[in-house]
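Below: one structure, written as structure tokens.
Read the figures in this text as sums done on the coordinates, not as results from a lab. Remember, it's a predicted structure, so these values are computed and weren't measured experimentally. Here the Cβ is made from the backbone with ideal geometry for all residues, glycine too, and neighbour counts use every protein chain on show.
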Amino acid sequence: MQVGDALTLVREAANAYDGNAVRVEWRGHKLGYVPRSDNRAVAFHMDRGGQVEARISKLQPHRNPRQRIEFEVLVKL
């Protein structure tokens, strides 16, 4: 895993905990989700057939696994 690697975003509209859930994967491995504070716009765009891309923008050592990877989401208009 390195900066610039592509990530896959998978919409989970039926997610029981968050109707706007967007799963983040790297090479078929689930890394987690787009943060709830940011997922609404991404989910809205995906639900309307819009294209989104994501890539790793920063890797850093951290005790909390959720803070080891930063990624950016690009919405194609």
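Identify which of His29, His62, His45 has the largest mean-square fluctuation in a Gaussian network model of the chain, with springs joining Cα atoms closer than 10 Å. In this elastic network of the chain, the residue with the biggest mean-square fluctuation among His29, His62, His45 is His62. Compare the Cα positions of Tyr33, Val75, His45 along the charge dipole of the chain (+1 at Cβ of Lys, Arg; -1 at Cβ of Asp, Glu; about the Cα centre) and return the one farthest towards the positive end. Sorting the options by dipole projection puts first Tyr33. Can you tally the net charge around Lys58? Count Lys and Arg as +1, Asp and Glu as -1, for every other residue whose Cβ sits under 14 Å from the Cβ of Lys58. Value of the local net charge: 0.
Here is how the number arises for the chain: DSSP H runs of 4 or more residues each give -39500 (n - 2.57), the sum is divided by the residue count, and the result at 222 nm is -5000 deg cm²/dmol.
Loop-located trypsin sites (Lys or Arg not before Pro) in the chain (DSSP state not H, G, I, E or B) with no more than 12 neighbouring Cβ atoms inside 10 Å: Arg27, Arg48, Arg63. For the stretch 6-76, how big is the tail of P(r) above 17 Å, as a whole percent of Cα pairs? Cα-Cα pairs in the stretch 6-76 separated by more than 17 Å: 41 percent.
Can you tell me, using C-alpha contacts under 8 Å and at least 6 residues apart, the relative contact order of the chain as a whole percent?
Reported relative contact order: 28 percent.
Full extension of the chain between Asp5 and Phe44 gives 11.6 nm of extra length, using 0.36 nm per residue less the Cα-Cα distance. Phi angles of the stretch 47-62 translate, via the Karplus equation with coefficients 6.51, -1.76, 1.60 and θ = phi - 60°, into HN-Hα couplings of 5, 9, x, x, 8, 10, 10, 9, 8, 6, 10, 7, 10, 8, x, 7 Hz per residue; Gly and Pro are given as x.
A Cβ-based charge dipole, computed about the Cα centre of the chain with Lys and Arg at +1 and Asp and Glu at -1, lands at about 160 debye.
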